[in-house]
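The structure under discussion appears below in the form of structure tokens.
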Amino acid sequence: MDDMQQVQILLVEDSETDAEMTRRALKKIGLTNEILWLKDGQEALDYVFRQGAFEHRAKHSPKLILLDLKMPRVDGIEVLQQIKKSEETRMIPVVMLTSSAEERDVVKSYELGVNSYLVKPVEFEQFVEEVSKVGCYWAILNKIPQYQ
Amino acid sequence: MNPVIKQLLTALGMMAAMTLLAGIAYLSYTRTEHFVTSSRWVDHTYTVLIQLDKVTADIKEAESSERGYLLTNDLHFLRLYEQATEKLPSDMKKLQMLTADNPLQQHQVTAFNASVQDKMDSIHAIINMKRDNQRLATDPVFLDMLDKGKQLMQEIRVQAASILNTEQTLLRQRLKAMEDEATSTRQWILIGNLIAACMLLLSFWLLIKEIRSRARAQRHAEATASQLEITNRELESFSYSVSHDLRAPLRAIDGYSRMFEEDYSDKLDAEGLRLLSVVRSNSRRMGQLIDDLLQFARSGRKPIEAEPINMQTLINEVWQEVVADQMAHNTELELQSLLTVHADHALIRQVLINLLSNAVKYSKTKPHPRVTIRSSHHRDMVVYEIEDNGVGFDMRYYNKLFGVFQRLHSADEFPGTGVGLAIVQRIIVRHGGQVWGKSTLGEGSIFGFSLPWKEPHHG
């Protein structure tokens, strides 16, 4: 990832196949180069809070974080909690993109301040459609504060 | 031991013990009465003896006064004699009355009385003779009279001794009887109490056994309930991981075959594309199976929140959804008197979705598909029936009808996963109701369910 290029979408996803399909869907609406794929919650926290491997990255917040729930090391709920707790990062839109349609996961996410909750459809066409809609809305149409 | 016999034994033991105790109480009461009576008899004997002594004393007093007068000629002795004669009749009368209870004594006392009277007459005659004639002590007639008086006195003594003896014998007999009775009463009370105590102990033992066995049964039930709770929790976490872990690879299969199709369809012939579409349709079917299974698991987990449900409204609402979903707008719906029921709205809605979509699905192939819904009141249950004129099912396989993933038609003929009726059954049974189905193959089927008329108490 080119340091100079601004990351617009942070994709936090442990499944390589889901990540590839998500990127393919986003590519269809022209969002290709601005996507950064991270494999677990810890990497996501490191990136967002500019620590560990991302200690020296440029100070810039993504326009959207696509967050899976079940991940190794640090799970999506934990990442969401950290992001929404911090003054610095709580403005970043976070959309859960997960297999879980469990009511308790949905409730928990909204309690922690998630901006949207999306259940990954099993069917590919549907999956592509939903992910591209979300990407289009949050990363292109949606307006967020610029001062960060 | 047979529980009925055990209960009978307990009751019998208690009853026998109580009867025995009542008997002992009665025995103690009557024996105490006897004892009091016996005591009175003892007193009576002593009274008789005292009275006998009095009479004897009177007669002796009279005789000694007579002697004193004969020796001294002092009139003072005559006064003493007169006092004795005055007392004698009443004392004698008392003695007679006291001995009236015993014939032998009465007889003896009568004889005694006669002797006493004779003696008194003799004393009287001697005193008169002495006073009137002033006869000398040497007079043979006078001496003879004195001698006779002495003999009479002797006789009186013997008779008094006999009365005393008889009375003492009576006393001994009465004391002996009293003693015997007291001993037997004590024995009876002791033995009776011992037996009653044994019976009570037996009943007590049986009761303790019963209580213990009930406590054991309760502990067992509690253990089973908590085991069930654990199983339910395991099932919940199982379905949770199913929803996460099983879906991800499926999505990859579907997604990658689709991506493959998108990127390489120009390099594939028709057969290659067909094979690929089979992969995709099967992955979709698997996704549907997982979704249905999850719904089945959830239908057993969601707590029941009972509220009044307007079935007319709910059925109309569900019908629109089902007909639109299956593109079966030519299916006719007939509603007959739908009763309101108290149940969980969301769950009953699911039941209706499953039953109505089955009715529509299996009658769609008929020229004039028609679904009739009616309800009725049976004792404390409300019964709903959904009738269609569809293809029906073979009653020989009825036992498979409500099983999970059980189907009586092939997926090519009628799509589905075989979970719908299992969900229906689960929801209705949790409400405390029942489900059933009957059908004539080729002519249609009727599915019915019952719900308690009143609000169910548990989830």
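Every read-out reported here was derived from the displayed coordinates using simple, explicitly stated rules and does not represent laboratory data. Keep in mind the model is a prediction, meaning the values are calculated, not measured. All Cβ positions, even for glycine, are placed from backbone atoms using ideal geometry, and neighbour counts span all protein chains on display.
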### Query
What residues from the stretch B:398-419 fall in the zone where the backbone N is under 20 Å from a label point 7 Å along the Cα-to-C-beta line of A:Ala101?
B:404-406, B:415-419
### Message
Using Cβ counts within 10 Å as a stand-in for footprinting exposure, how do B:Ser376, B:Ser237 rank, fewest first?
### Response
B:Ser237, B:Ser376
### Task
Would you mind ranking A:Leu26, B:Leu171, A:Leu69 so that the residue whose beta carbon has the fewest other beta carbons within 10 Å leads the list?
B:Leu171, A:Leu69, A:Leu26
### Query
Hey, with R₀ at 51 Å, roughly what FRET efficiency would B:Leu207 and B:Val242 work out to, going by the Cβ-Cβ distance, to 0.05?
0.50
### Task
Place the peptides B:177-187, B:413-423, B:332-342, B:160-170 in order of packing, highest mean first, counting for every residue the other Cβ atoms within 10 Å and averaging per peptide.
B:413-423, B:160-170, B:332-342, B:177-187
### Task
Take every Cα pair under 8 Å in chain B that's 6+ residues apart, average their separations, divide by the length, and report that relative contact order as a whole percent.
12 percent
### Between helix B:345-363 and chain B: long-axis angle, C-alpha atoms, 0 to 90°, nearest 10
50 degrees
### Query
Given the Cα-Cα distance of B:Asn73 and B:Ala215 and 0.36 nm per residue of separation, how much length would full extension add, in nm?
40.5 nm
### Message
Taking 30 Å as R0, compute the FRET efficiency from the Cβ-Cβ separation of B:His378 and B:Leu289 and round it to 0.05.
### Response
0.25
### Message
As a test of the formula, what do you get for chain B when each DSSP H run with n ≥ 4 contributes -39,500 (n - 2.57) and the sum is divided by the residue count, at 222 nm and rounded to the nearest 500 deg cm²/dmol?
### Response
-25500 deg cm²/dmol
#### Entry: Under Karplus coefficients 6.51, -1.76 and 1.60, residue-wise ³J(HN,Hα) of the stretch B:181-188 in Hz, glycine/proline x
5, 4, 4, 5, 4, 4, 5, 4
### Message
Sort B:His431, B:His44, B:His329, B:His107 by Cβ crowding within 10 Å, fewest neighbours at the top.
### Response
B:His329, B:His107, B:His44, B:His431
#### Entry: Among A:Val122, A:Val114, A:Val74, residue whose mean-square fluctuation peaks in a GNM of chain A (springs only between Cα atoms under 10 Å)
A:Val122
### Query
Given the pairs A:Lys63/B:Lys267; A:Lys143/B:Lys302; A:Lys39/A:Lys84, which span a C-alpha to C-alpha distance of over 31 angstrom in this model?
A:Lys63/B:Lys267; A:Lys143/B:Lys302
### Label-point gap, in nm, between B:Ile50 and A:Lys143 - each point 7 angstrom along Cα→Cβ
13.2 nm
### Message
Taking 22 Å as R0, compute the FRET efficiency from the Cβ-Cβ separation of A:Tyr110 and B:Gln320 and round it to 0.05.
### Response
0.15
### Query
How crowded by other chains is B:245-252, given as the mean number of beta carbons from other chains within 10 Å of each beta carbon?
6
